[in-house]
Amino acid sequence: MSSAIQARFRIERRDFSLAVDLTLPGRGITALFGHSGSGKTTCLRAMAGLERAADGYFAIGDEVWQDEAAGCFVPTHQRALGVVFQEASLFPHLSVRGNMEFGQKRASTAGLRFALPEIAEMLGIDHLLARNPAQLSGGERQRVAIARALLAGPQILLMDEPLAALDLKRKLEILPYLERLHRELAIPIIYVSHAPDEVARLADHLVLLDDGKVVASGRLNEVLSRIDLPSAFADDAGVVIEASVAAHEADDLTRLEFPGGTIFVSRHDEPVGTFLRCRIHARDVSLALVPQVHTSILNCVGAVVVDLAPTATPGHVLVKLDVAGEPLLARITRRSAERLGIRPGLALRAQIKAVALLA
Amino acid sequence: MESTDLAAVWLTLKLATVVTTLLLVVGTPIAWWLARTRSPFKGMVGAIVALPLVLPPTVLGFYMLLTMGPHGPLGQLTQALGLGLLPFTFPGLVIASVFYSLPFVVQPIQNAFEAIGERPLEVAATLRASPWDAFWSVAVPLARPGFLSGAILGFAHTVGEFGIVLMIGGNIPEKTRVVSVQIYDHVEALEYTQAHWLAGGMVLFSFVVLLGLYTFNPARRKAL
């Protein structure tokens with residue numbers, strides 16, 4: 001990965017301190033996840049140069065934007081980046097087009113180059129160009145803000161909880177556009193969020209922050225399936241699998257294939273071969289030592305126990321499983337674990353009661 | 001109206017125009033600094049700018065007279081530069097008026113800059129605008145209502161001043177005799193008709209200015 005991102009920041013304030021040292025992939029979406037006050041927004045602002053860490057280093061590939069040890073700090077306006085804030089923060093004195101052209105006019109040729117009509121079409125705002133920001137809905141404003149950031153020719157897109165200020169309906173309206181950016185953009189996106197469902201849906205790489213420190217950083221599933229972490233996701237513990245649509249069957253079920261086996265979901269009209277993200281919560285997975293015949297649960301895969309650990313729910317344990325190389329989590333009662341003699345290395349069947357399709 | 005009255009009206013308008021222009025040039029950076037600084041001197045500078053709001057114009061005029069006079073620092077400077085002395089001249093009146101009306105221009109602009117907040121300027125920086133660029137392309141347009149209020153208040157306040165004019169400008173026709181002084185002269189001479197014309201005109205002028213200010217000043221626009 002030649003264009004990997006190096007980020008090292010140490011910020012000390014009276015009531016807060018941030019100390020992170022991260023190497024992040026140079027493409028795809030990296031989610032910075034944590035509770036409010038965990039330092040994720042400060043970390044993003046430090047990357048943007050809006051916050052200057054006295055001890056800091058930030059580079060994308062060969063391009064160094066901050067290296068305090070060498071006395072280097074490139075001010076924000078000289079960095080080829082795009083930032084989308086929680087509130088769209090459109091300039092009220094400019095039209096939608098004026099907002100979008102603001103960064104485009106000033107962009108250097110270093111970063112990504114887009115034509116305005118292309119971006120407007122991609123974000124579904126081409127019919128709004130002549131409007132004033134005040135005439136837009138919250139979701140439309142945020143899409144304009146994303147378009148404006150992209151037109152400035154960024155080498156990296158930084159998003160600070162871009163959906164947090166929107167209601168559920170607007171969120172669902174924007175998510176497909178974010179997925180489209182994810183598929184079509186060649187630049188890395190750093191995505192700050194405290195919503196597990198957004199992270200599960202969008203992220204490739206996940207950084208867990210707590211109290212200004214990095215608790216975990218790695219591929220999404222690697223981090224999601226770690227059972228030794230303080231329960232960041234608590235009741236939402238679970239993994240995300242990428243499965244491809246294999247067939248649509250006559251009884252209104254769609255068959256999905258993933259390396260660990262086959263799962264059936266309600267009919268989902270995507271063409272065969274499409275990759276879909278599915279989320280499987282630990283609470284929806286139960287374990288059986290022998291294949292069950294007399295059960296209504298359709299989705300059943302072979303798995304090997306990797307490890308087990310206590311969880312925040314009283315009387316329960318989290319079991320980490322290996323399904324043909326893919327991790328899976330199951331949450332069962334401690335009593336069941338003892339009765340079945342669950343231990344690392346045990347081969348068994350994992351029954352999946354529910355699969356949430358993230359698309 | 002007599003020709004001396006017309007001359008006074010003309011001189012007043014000229015003074016107010018020059019002073020307002022200078023106030024915008026001088027007041028804008030002060031307002032910007034006051035709105036954004038975290039310096040410990042912020043309170044002190046703010047208080048000095050606001051002094052004319054509470055001081056009697058005669059006090060301010062007295063000290064300015066001393067400063068500009070032959071033994072004052074400014075007087076010695078102007079003499080050394082071969083410019084002569086400022087008191088009882090139009091430029092002297094302009095300088096005194098700029099100080100006297102400064103808070104009326106600085107405060108609305110400062111409030112407008114403060115209302116913008118940090119965010120639009122941060123956004124501008126992330127869109128490659130240098131601080132100087134962002135000031136002109138974002139801060140000034142967003143603070144427009146503040147500039148409008150400041151300019152109108154500065155102009156109207158300069159038109160209405162009296163005490164400081166007497167102290168610094170004296171009463172020299174076509175040089176320093178503005179409308180407010182002319183009215184005073186008329187009343188002293190018991191020329192009530194002429195005084196009425198000018199005084200009534202001032203009432204009307206002030207009312208129209210304030211009416212415009214309250215009617216047309218758009219509500220502050222926030223970043224959306």
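Quick note: the coordinates plus some simple rules give every number you see, no bench work behind them. Because the structure is predicted, anything quoted here is derived from the model rather than measured. Neighbour counts are summed over all protein chains in view; Cβ atoms, including those assigned to glycine, are modelled from backbone coordinates with ideal geometry.
Tell me, what does the Kirkwood hydrodynamic radius of the protein assembly as shown come to in angstroms if you use every pair of distinct C-alpha atoms?
On the way: mean 1/r = 0.0344 Å⁻¹.
By the Kirkwood definition, the hydrodynamic radius is 29.1 Å.
By what distance, in whole Å, do the Cα atoms of region A:5-224 stretch along each of the three principal axes, largest value first?
For region A:5-224, the Cα extents along the three principal axes come out at 46, 36, 33 Å.
Using DSSP to call loops (not H, G, I, E or B), can you name the trypsin sites (Lys or Arg not before Pro) in region B:1-81 whose Cβ has at most 12 other Cβ atoms within 10 angstrom?
Those satisfying the criteria are B:ARG38.
What does DSSP give for region A:5-224 in terms of the percent of beta bridges that are antiparallel, rounded to the nearest 5? Walk me through the numbers before you get to the answer.
Values: 26 of 44 bridges.
Rounded to the nearest five, the antiparallel share is 60 percent.
Show that you can apply the helix-only estimate: for chain B, add -39,500 (n - 2.57) for every DSSP H stretch of four or more residues, divide by all residues, and state [θ] at 222 nm to the nearest 500.
On the way: 10 runs with 158 residues, N = 224.
Only helices count here, giving -23500 deg cm²/dmol.
Helix A:168-184 sits at what angle to the longest principal axis of chain A, using alpha carbons and giving 0 to 90 degrees rounded to 10?
That helix lies at roughly 80 degrees to the long axis.
When a/c is below 1.5 the answer is rounded, else prolate if a/b is larger than b/c, else oblate, so apply that to chain B with a ≥ b ≥ c taken from the square roots of the Cα gyration tensor eigenvalues.
Verdict is oblate for chain B.
Just tell me which lysines come within less than 24 Å, Cα to Cα, of A:LYS171; anything on the same chain fewer than 8 places away is out.
Output for A:LYS171: A:LYS40, B:LYS222.
How high is the relative contact order of chain A, in percent, counting Cα pairs under 8 Å that sit 6 or more residues apart?
16 percent.
Quick one: check the C-alpha center-to-center distance for region B:75-93 versus region B:174-207, whole angstrom.
Centre-to-centre distance over Cα atoms comes out at 28 Å.
Spelling out what I want: for every residue of region A:79-89, take phi, set θ = phi - 60°, compute 6.51 cos²θ - 1.76 cosθ + 1.60 (Karplus), and round to whole Hz; glycine and proline get x.
9, 7, 9, x, 10, 10, 8, 4, 8, 4, 6
For chain B, calculate the relative contact order in percent as a whole number, restricting contacts to Cα pairs under 8 Å that are 6 or more residues apart.
30 percent
Connecting C-alpha atoms closer than 10 Å in a GNM of chain B, tell me which of B:ALA156, B:ALA189, B:ALA115 has the biggest fluctuation.
Largest GNM mean-square fluctuation: B:ALA189.
Given contacts defined as C-alpha pairs under 8 Å and at least six residues apart, what's the relative contact order of region B:79-185, whole-number percent?
Numbers: 92 pairs, mean separation 40.8, N = 107.
Result for region B:79-185 is 38 percent.
Rounded if a/c is under 1.5, else prolate if a/b beats b/c, else oblate: with a ≥ b ≥ c from the C-alpha gyration tensor eigenvalues square-rooted, which is region A:1-46?
Note, shape of region A:1-46 comes out oblate.
Under the classification rounded if a/c is under 1.5, otherwise prolate if a/b is larger than b/c and oblate if not, where does region A:188-332 fall, given a ≥ b ≥ c as square roots of the Cα gyration tensor eigenvalues?
The shape class here is oblate.
Quick check: the distance between the Cα centres of region A:194-252 and region A:296-348, to the nearest angstrom?
Region A:194-252 and region A:296-348 have Cα centres separated by 17 Å.
Can you work out ³J(HN,Hα) from phi for every residue in region B:42-49, in order, using Karplus 6.51 cos²θ - 1.76 cosθ + 1.60 and θ = phi - 60°, giving whole Hz and x for Gly and Pro?
These are the phi-based 3J(HN,Hα) values: 4, x, 5, 5, x, 5, 5, 4 Hz.
Per the helix-only calculation at 222 nm, which mean residue ellipticity applies to chain A, given -39500 (n - 2.57) for every DSSP H run of n ≥ 4 and division by its residues, nearest 500 deg cm²/dmol?
When only DSSP H runs of four or more count, the value is -6000 deg cm²/dmol.
Per residue of region B:145-162, in order, report the coupling 6.51 cos²θ - 1.76 cosθ + 1.60 (Karplus, θ = phi - 60°) as ³J(HN,Hα) in whole Hz, putting x for Gly and Pro.
For region B:145-162, the Karplus curve yields x, x, 5, 5, 4, x, 5, 5, 5, x, 5, 5, 5, 5, 4, x, 6, 9 Hz.
Fully extended, how many nm does the chain gain between B:SER206 and B:LEU74 (0.36 nm per residue separation, minus their Cα-Cα distance)?
44.2 nm is the gain from fully extending B:SER206 to B:LEU74.
Could you compute the net charge surrounding A:TYR57? Neighbours are other residues with a C-beta less than 15 Å from the C-beta of A:TYR57; K and R count +1, D and E count -1.
Result for the local shell: -3.
Looking only at A:LEU206, A:LEU253, A:LEU123, which one moves most when chain A is put into a Gaussian network model with springs between Cα atoms under 10 Å?
Evaluated over chain A, the most mobile residue of the options is A:LEU253.
Picking from B:VAL45, B:VAL19, B:VAL94, which is most flexible by a Gaussian network model of chain B using Cα springs under 10 Å?
Highest fluctuation of the listed residues: B:VAL45.
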